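Here's the structure, in structure tokens; my notes come after.
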Amino acid sequence: MNTKQSSSQALDSSNLQGDIRGGAISFLVAVPLCLGIALASGAPLFAGIIAGIVGGVIVGIFSRSALSISGPEAGLIVVTLSAIQALGSFPAFLLAMCIAGLIQIGLGFARAGIVSNFFPSSVIKGMLAGIGIILILKQLPHLVGYDADAAEGFALFQPGGFNIIEQLHMAVGQFSGVAILIALASLGIFYLWEKPAFKKQAIIKNIPAALVVVVLGICINELVRATFPQWVLKGNHVVQLPVPENAMAFFQLFTLPDFSQWTNPLVYTSAVAIALVASLEALLAIEASDELDPLKRKTPANHELKAQGIGNLVSGLIGGIPLTSVIVRSSVSINAGARTKLAALIHGTLLLVCVITLPTLLNKIPWASLAAILLVTGYKLARIEIVKAVFAEGISKFIPFVVTVLAILLTDLLTGIGIGMVTGIFFVLRDHYQNTHRVRTEWDRDRKRIHVSLGEHVSFLSKAKLMKLLKSVPDDAIVEIDGSGSSYIDSDVITAIQNFGTSAKQRNIQLIFLPGKVTDQSPVLPSKEFINTYRRNGSQLHLQS
């Protein structure tokens, strides 16, 4: 699907209900995550909300991704925290962010988005499954009322940090009956909403289950407040949005960059780090979102880098933290029915409107309700049907998938993706090596005839296996090397065939070579010396143009 078609679908009224549901539900999930990521990054809490608004509205306007939603992401916590500490002030960090945005725009114009074409599908599916498993595990403490970690970072085992094992251990001794009640009621709502009998109801099918979950959670907690106030969920058990007392206090939540730091070299090193990590996260996320897209649309990666750069530039100018395309938010939106980029725009607009007008109401949402939404999202990303489907594709797909999942669980998102990529490349090279050529052997009177059909793409990696075959050719044999089906034959392979031809005449080996199609990128024709040698010897040499 081309870009114009993708853009026109953003205004398709037939998708309006799904987009409203997707934007609203992803907004509810985004509020606490924006705040938690800002807190973990050492930035002002409202900086996370600013990044969420910019990611939804500004990136939503410029992006050509149909379903991806941008905002602050846990993978950027480390680079943000390190940069703020290195620069010594948040305004100086904002200048680095502005420069990072310009770098991302430059990467888009330099067509660096081509990197996304090299992500194997098995690795992308493994990344989604790994994130799904982590989402499930990370929600378990929230489901029982332990809400110390609101950032939801994608690392179960953080060296020197507070990891999931410690969280689960702490959660065991801090159960909250109200949180457990809200969690069970929320999961029950999701279960009922998936039943065919409920789906057939005209009213119910148009009401998103996640919205019912949030409203129910607020109602239960408020009922407990009125009857048993000592058990009510409060503090870090609920959303904690800054509540300005007046318009002046609201505008004081925004911070401007410190442009006097433009001569500080640390600003530029921090900018490069932010730009590279945010760009890689964005490319991974749009690949994942495209994988989840029911319509299987393809996001133009280079344009996405420009959109993300504009977003980070604007976020830096008004006091936000770095943003990128966020897989969790996007998948929540898709699961709620979103089908166009309108969902991202609604997501950002709701953030803007509600932080101005309804911060007190949002602060009544229990974490247990949001945890139930994320747990269901994690289940849909890592359900067993996906594992079975990848297994059916063969071992060369399944092993990179499993390695990616395990690596993400044991390390972090980017490291896990890197390990998965290396594994995927290994199997690509292995398959390439095994499919270098096909061999058929027959007898021509009393001479052995060996027919070698080269593969479509014969790179230098094919040389070793081909040379091993040629060395095993017996004396007095006929060797046919057929490259007519090859679109590319590396010059090293051509040279190897030429060298074999020079030595073959001493062993009375007749060579018949049919080179592939001649292209500017493929030096498939033998040298003139090679041709003349075999003409003098009466050998057959067929050239195909």
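The values are calculated or read from the model by the stated rules, or taken from the named source; none is laboratory data. These numbers were taken from a predicted model, which means no experiment stands behind them. All Cβ positions, even for glycine, are placed from backbone atoms using ideal geometry, and neighbour counts span all protein chains on display. Note: areas computed on protein heavy atoms with side chains; ligands, DNA, RNA excluded. Shrake-Rupley method; radii C 1.70, N 1.55, O 1.52, S 1.80 Å.
Data overview
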| quantity | calculated |
| --- | --- |
| The range 248-266 residues that are farther than 18 Å from residue 51 by Cβ, paired with ones that are surrounded by 11 or more Cβ atoms within 10 Å (Cβ to Cβ) and of a type in the set (S, T, N, Q) (beta carbon under 9 Å, 6 or more apart) | 258/89; 261/89 |
| Failed item, numbered, when residue 384 is tested on (1) touching a His at 6+ places or on another chain (Cβ under 9 Å); (2) at pLDDT 90 or above | (1) |
| Restricting the range 494-508 to residues that are more than 46 Å from the chain's Cα centre (by Cα) and touching a residue at least 24 places away in the same chain (Cβ under 8 Å), the residue that is farthest from residue 478 (Cα to Cα) | 502 |
| The one condition in (1) outside any helix (DSSP H, G or I); (2) of a type outside the set (A, V, I, L, M); (3) crowded, with 21+ Cβ neighbours inside 10 Å that residue 297 fails to fulfil | (3) |
| Of the criteria (1) modelled with pLDDT of 95 or more; (2) within 19 Å of the chain's Cα centre (by Cα); (3) buried (at least 24 other Cβ atoms within 10 Å of the Cβ), which one residue 316 fails | (2) |
| Cross-chain or 6+ apart pairs with Cβ under 6 Å, the range 183-204 first and in a helix (DSSP H, G or I), then among the polar types (S, T, N, Q) | 186/369 |
| Criterion: under 18 Å from residue 145 (Cβ atoms) and not basic (Lys, Arg) - qualifying residue of 207, 182, 203, 189 | 182 |
| Any hit, the range 385-392, residues being under 23 Å from residue 186 (Cα atoms) and part of a helix (DSSP H, G or I) | no |
| Residues of the range 351-373 satisfying the condition of being surrounded by 24 or more Cβ atoms within 10 Å (Cβ to Cβ) and assigned to a helix (DSSP H, G or I) | 351, 367, 368, 369, 370, 371, 372, 373 |
| Checklist (1) farther than 23 Å from residue 373 by Cβ; (2) modelled with pLDDT under 65; (3) not β-branched (Val, Ile, Thr) applied to residue 152, failing item | (1) |
| Members of the range 108-136 found to be open to solvent by 60 Å² or more (accessible area, probe 1.4 Å) and either assigned to a helix (DSSP H, G or I) or aromatic (Phe, Trp, Tyr) (or both), listed by number | 109, 114, 115, 117, 118 |
| The range 466-491, residues that are surrounded by 15 or more Cβ atoms within 10 Å (Cβ to Cβ), in a helix (DSSP H, G or I) and of a type in the set (D, E, K, R) | none |
| Members of the range 453-478 that are among the hydrophobic types (A, V, I, L, M, F, W, C) and either out of contact with any helix residue (DSSP H, G or I) (no Cβ under 7 Å at 6 or more places or on another chain) or in contact (Cβ under 8 Å) with a residue 60 or more places away in the chain (or both) | 454, 464, 469, 473, 477, 478 |
| Filter result for residue 527 (out of contact with any Pro (no Cβ under 7 Å at 6 or more places or on another chain), open to solvent by 40 Å² or more (accessible area, probe 1.4 Å), at pLDDT 50 or above and hydroxyl-bearing (Ser, Thr, Tyr)) | no |
| Search result, residues across the range 105-122 that are modelled with pLDDT of 90 or more, out of contact with any Asp or Glu (no Cβ under 9 Å at 6 or more places or on another chain) and at negative phi | 105, 106, 107, 109, 110, 112 |
| Criterion violated by residue 140 - all others in (1) surrounded by fewer than 21 Cβ atoms within 10 Å (Cβ to Cβ); (2) within 28 Å of residue 396 (Cα to Cα); (3) not polar (S, T, N, Q) satisfied | (2) |
| Residue 376 vs. criteria open to solvent by 10 Å² or more (accessible area, probe 1.4 Å), farther than 25 Å from residue 115 by Cβ, touching a residue at least 60 places away in the same chain (Cβ under 8 Å) and not polar (S, T, N, Q) | yes |
| Condition broken by residue 330, with the remaining ones in (1) open to solvent by 10 Å² or more (accessible area, probe 1.4 Å); (2) polar (S, T, N, Q); (3) out of contact with any Lys or Arg (no Cβ under 8 Å at 6 or more places or on another chain) satisfied | (1) |
| So residue 366, is it in contact with a helix residue (DSSP H, G or I) (Cβ under 6 Å, 6 or more places away or on another chain) and modelled with pLDDT of 95 or more | no |
| Verdict on residue 306 being of a type outside the set (Gly, Ala, Ser), surrounded by fewer than 24 Cβ atoms within 10 Å (Cβ to Cβ) and in contact with a Gly (Cβ under 7 Å, 6 or more places away or on another chain) | yes |
| Residue in the range 236-247 that is farther than 30 Å from residue 142 by Cα, of a type in the set (Val, Ile, Thr), surrounded by fewer than 18 Cβ atoms within 10 Å (Cβ to Cβ) and out of contact with any strand residue (DSSP E or B) (no Cβ under 7 Å at 6 or more places or on another chain) present | no |
| Count of the range 213-237 residues which are over 29 Å from the mean Cα position of the chain (by Cα) and either within 23 Å of residue 376 (Cα to Cα) or among the small types (Gly, Ala, Ser) (or both) | 12 |
| The range 379-411: number of residues that are aromatic (Phe, Trp, Tyr) and either on the phi > 0 side of the Ramachandran plot or open to solvent by less than 30 Å² (accessible area, probe 1.4 Å) (or both) | 1 |
